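Trainee: Please find one structure pasted underneath; my questions will follow.
Here, each number is a calculation from the coordinates, and none is a lab measurement. Computed from a predicted structure; not experimentally measured. Neighbour counts run over all protein chains shown; Cβ positions are idealised from the backbone, glycine included.
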Amino acid sequence: MNFTRINGLAFAFSAIKYIRYNQDFTKTTATKTTDPRPWLGLDGLVLALVCLLFLILATGDGSGNESDARLVLTTRRRRVQRRLRILSSVPSALIVFLLGLILCFIRDPTIFSDIKLGPSRFHVLKITWDDFKVGFVRGAVPQIPLSVLNSVIAVCKLSGDLFPGTELSATKVSVSVGVMNLVGCWFGAMPVCHGAGGLAGQYRFGGRSGLSVVFLGLGKLVLGLLFGNSFVRILSSFPVGILGVLLLFAGIELAMASRDMNSKEESFVMLVCAAVSLTGSSAALGFGCGIVLYLVLKLREMDFSGFPFFRSKSEPTAEDESLINP
């Protein structure tokens, strides 16, 4: 799917910015990039590059290390396959994430005093009519195109590409997203969705079954119940360079997962969508331009002989046919 590939490229471009430049996430403007990231330090370029090389050595190109059983493997090739299996079994993403957590405490030791054990208190919010109008007009309406594309359509298409024969239903995914947000908003939860980038990242780092998502959910529940809101204090000091490295792999996997570019026409539409989406415009505008371009291309190939306005006044003669088809 074109949008899946474009979304992956957008993730990758953002990841490169995270790696190369410092980010100020407190800004309310679209541009959060500040000065170039220093080479040395606990959030420097050297650290990010080391994590990048480690992930490449551990996961390779993400295609897996299964060898063709029909091939006769030499002794040297068997050793290589054994080494690749060992490397692929290393939880590389988890190791990099834990390294980032350790660096959080080293960079800012005051985190220890700010940590409070135990879950945060739940309370039901009172949502007024004014809150609903502001949230619907400023939040929901602008987000609908991106949410439908990235959280529903792209997820369904990506699941079919990564796990052939198991493509999800768009209705079930959209209902799931709606239910999560309808329940969570009363407790002050942030909007959530089934992002295609998350699915691609989990697949890239070894997730192949629903059990991996179960463990991920259990881990988040444990952290939330153990640290509560104080865990946000830890994540605020997480090295952005390492975050960019993890995001880069997720974006590249998302872009590579779309394998349905079977013609030059499809590639042309995809590149136009990418050019519009990734040059300061929105993904929704890029998607809209892609739809219009696709319709124009189909209109160009349409047979209009059935319409009276385009119908020829005289049928071609045998002489005309011989000139056309000698």
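Trainee: Asn22's amide H: which non-local residues (gap 5+, or another chain) put their own amide H closer than 5 Å, with H modeled 1.01 Å from N in plane and none for Pro or chain starts?
Mentor: Thr34, Asp35, Arg37
Trainee: For each of Met302, Met180, count neighbouring Cβ atoms within 10 Å of the residue's Cβ, then give the residues from fewest to most.
Mentor: By the 10 Å Cβ count, ascending, the order reads Met302, Met180.
Trainee: So if we plug the beta-carbon distance of Arg20 and Arg121 into 1/(1 + (r/R0)^6) with R0 = 56 Å, what FRET efficiency do we get, rounded to 0.05?
Mentor: FRET efficiency, Arg20 to Arg121: 0.85.
Trainee: Quote the FRET efficiency, to the nearest 0.05, computed for Leu278 versus Ile56 with a Förster distance R0 of 22 Å and r equal to the Cβ-Cβ distance. Don't skip to the answer; put the middle values down first.
Mentor: Values: r = 24 Å, r/R0 = 1.09.
Taking R0 as 22 Å, the efficiency between Leu278 and Ile56 is 0.35.
Trainee: If you rank Ser113, Ser212 by fewest surrounding Cβ atoms within 10 Å, what's the result?
Mentor: Ser113, Ser212
Trainee: Could you pull out every one of the lysines with an alpha carbon less than 27 Å from that of Lys298, ignoring same-chain neighbours closer than 8 positions?
Mentor: Of all the lysines, those that pass the test against Lys298 - Cα under 27 Å, at least 8 places apart if same chain - are Lys157, Lys264, Lys313.
Trainee: Here's a follow-up. In which sequence would Leu99, Leu225 go, from the one with the fewest C-beta neighbours within 10 Å to the one with the most?
Mentor: Working: Leu99 16, Leu225 12.
Least crowded to most crowded, the residues run Leu225, Leu99.
Trainee: Given the Cα-Cα distance of Val296 and Val179 and 0.36 nm per residue of separation, how much length would full extension add, in nm?
Mentor: 38.4 nm
Trainee: Which shape class applies to the range 2-260: rounded if a/c is under 1.5, otherwise prolate when a/b exceeds b/c and oblate if not, where a ≥ b ≥ c are the square roots of the Cα gyration tensor eigenvalues?
Mentor: The shape class here is oblate.
Trainee: Then there is this: Can you list the HN-Hα couplings for the range 167-173, worked out from phi with the Karplus curve (6.51, -1.76, 1.60; θ = phi - 60°), rounded to whole Hz and with x for Gly and Pro?
Mentor: Once θ is set to phi - 60°, the couplings for the range 167-173 become 5, 7, 8, 4, 5, 5, 5 Hz.
Trainee: Compare the peptides 44-56, 158-170 by average per-residue count of other Cβ atoms within 10 angstrom and give them in order, highest first.
Mentor: On the way: 44-56: 17.1, 158-170: 14.5.
Final packing ranking: 44-56, 158-170.
Trainee: Whole-Hz Karplus ³J(HN,Hα) for the range 220-235, in order, using 6.51 cos²θ - 1.76 cosθ + 1.60 and θ = phi - 60°, x for Gly and Pro?
Mentor: 5, 5, 5, 5, x, 6, 7, 10, x, 5, 5, 5, 4, 4, 5, 5
Trainee: Ok, one more. Around Val272, what is the net charge, scoring Lys/Arg as +1 and Asp/Glu as -1 over all other residues with Cβ under 12 Å from its Cβ?
Mentor: -2
Trainee: Follow-up question, since we're still on this one. Please turn the phi angles of the range 46-58 into ³J(HN,Hα) values with the Karplus equation 6.51 cos²θ - 1.76 cosθ + 1.60 (θ = phi - 60°), one per residue in order, whole Hz, x for glycine and proline.
Mentor: Going residue by residue, I get 4, 4, 5, 5, 5, 5, 4, 5, 4, 5, 5, 5, 7 Hz, with x marking Gly and Pro.
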